[in-house]
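Let me begin by presenting the structure, written as structure tokens, before commenting on it.
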Amino acid sequence: MVSNLIKESLEIGFLDRVINFIESKLESEISLPMLSQYLGVSESTVKRKLASEKHTFSELVRDKRVSRGATLLRAGRTPITQIADACGYKTAAHFSAAFKSVYGCTPKTFRRERRQP
């Protein structure tokens, strides 16, 4: 019982560390090798631990980047190309495709429908 509690707490800490790393690197290139080096574990260990939590590295990166994009879209009139760049996408088209896969609409539509007053 105690070992299960310790294991669960370590897994929660692991996922938090992964998310913190991703959030700190949103504007730049993020890779699995960079993450595994940061965590001090192998890439396969990262994949296995994320899979046990029903996550993948690429989905976590996409979701964090798109979430940040949604926040920026709500906040003002920053051009979508600049938002895409601020979220780590090389092109606005890649950002738009990722955004639509998560939110079901384009960034332009999202901004128009959900802009903060």
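The values are calculated or read from the model by the stated rules, or taken from the named source; none is laboratory data. If you're wondering where the values come from, they're calculated on a predicted model, not measured in any experiment. Using ideal geometry, Cβ is built from the backbone for each residue, glycine included, and neighbour counts are taken over all protein chains shown.
The set of residues from region 75-86 being part of a loop (DSSP other than H, G, I, E, B) and modelled with pLDDT under 95 comprises Gly76, Arg77, Thr78. Looking only at region 1-35, filter to residues that are of a type in the set (Gly, Ala, Ser) and closer than 23 Å to Tyr89 by Cβ; which one of those is modelled with the lowest pLDDT? So the residue we want is Ser28. For Ser44, the conditions (1) part of a loop (DSSP other than H, G, I, E, B); (2) more than 21 Å from Phe110 (Cα to Cα); (3) of a type in the set (Ser, Thr, Tyr) all hold with the exception of (1). Restricting attention to region 78-110, which residues are touching a residue at least 40 places away in the same chain (Cβ under 8 Å) and closer than 12 Å to Arg65 by Cβ? Scanning region 78-110 gives Asp85, Ala86, Cys87, Gly88, Val102.
When region 67-95 is filtered for residues that are within 22 Å of Leu35 (Cα to Cα) and either among the basic types (Lys, Arg) or assigned by TED's automatic domain parsing to the domain that holds Asp16 (or both), the ones remaining, listed by number, are Arg68, Lys90. Being in a helix (DSSP H, G or I), closer than 24 Å to Leu32 by Cβ and among the basic types (Lys, Arg) holds for only one residue in Lys100, Lys64, Lys54, and it is Lys64. For Ile30, work out the one condition from (1) outside any helix (DSSP H, G or I); (2) out of contact with any helix residue (DSSP H, G or I) (no Cβ under 6 Å at 6 or more places or on another chain) it doesn't fulfil. Unmet condition: (2).
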